[in-house]
Amino acid sequence: MKGRESIYDVIYGGDGVTPHRVAPGITTQGTCQSSGSSNVQYVLHTMDEPITLDGSPPSSPPSHAIAFRTVDITECPNAGAKLGIYSYWDPTACSTCPSTSTGNQQFEFYNYYSYTGHPANTGETANEGIAYIDSSGVTHLSTTGSPFSAADYLASFSYATVVDDLYAIPSQLQAAWQDAIAAYFSYLIKLGETTRTRCGATQVTGCTSG
């Protein structure tokens, strides 16, 4: 990821674009090479796994997967971490946002840093992100870990700059997005589907940080 530019930025931002994405609140450690503390670079990966998209807890696992992964190039070898976020789609919502309701998300966290008593978990052999799951099924993320915890990574991911990086629809694509939503609703109506089509295609909102 070192020095990588975002193709999205170049297309829609033109000259003077941000050379790379950085994670708010997550900083380099400079153990191997120090050039002053700075925010680490990140990449986002997302996919929908081939299960029922309208599934709900606990009858089916969440289908929308996100990986929020960082790299610390001041470590030798490079370190960082990865937070996995798994969410449900809400078929009753007039929105293209996945559900973030309490208890409706699952998490994984892998710390690639090596420190006393903790070898770098680059093989992702154990989920380090979960502190506990309470009686209501709500997952509580760990606040321990060095240099940053799973809770720190979720807080960084929740910043508007990161969320909008994944979900925001640029003005240049708004018309095409509305056309796609309308075509999808037309398809659902032909299937006799009524849950989502109750919204009406023009009432569906995109997913932004708010």
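Just so it is clear, none of the values below were taken in a lab; they were calculated from the coordinates. Keep in mind that what you see is a predicted model, and the values were worked out from it rather than measured. Quick reminder, even Gly has a Cβ in these numbers, built from the backbone with ideal geometry, and neighbours come from all protein chains shown.
Observations, loosely collected:
- Applying the Karplus relation 6.51 cos²θ - 1.76 cosθ + 1.60 with θ = phi - 60° to the range 129-145 yields 3J(HN,Hα) values of x, 9, 7, 6, 10, 7, 5, 8, x, 7, 7, 10, 7, 5, 9, 10, x Hz, where x marks Gly and Pro.
- Efficiency of FRET from Cβ geometry, residue 188 and residue 160, R₀ 30 Å, rounded to 0.05: 0.45
- Virtual spin-label span in nm between residue 45 and residue 205, 7 Å along Cα→Cβ: 3.2 nm
- In terms of packing, defined here as the mean over residues of other Cβ atoms within 10 angstrom, the peptides 116-126, 154-164 line up highest first as 154-164, 116-126.
- Formal net charge of residues neighbouring residue 45 (Cβ-Cβ distance under 11 Å; K, R +1; D, E -1): +2
- Each Lys and Arg contributes +1 and each Asp and Glu -1, all at the Cβ; summed about the Cα centre of the range 60-177, the dipole is approximately 100 debye.
- Between the amide H of residue 72 and those of 79, 80, distances stay under 5 Å, these residues lying 5 or more places away or on another chain, with hydrogens modeled in the peptide plane.
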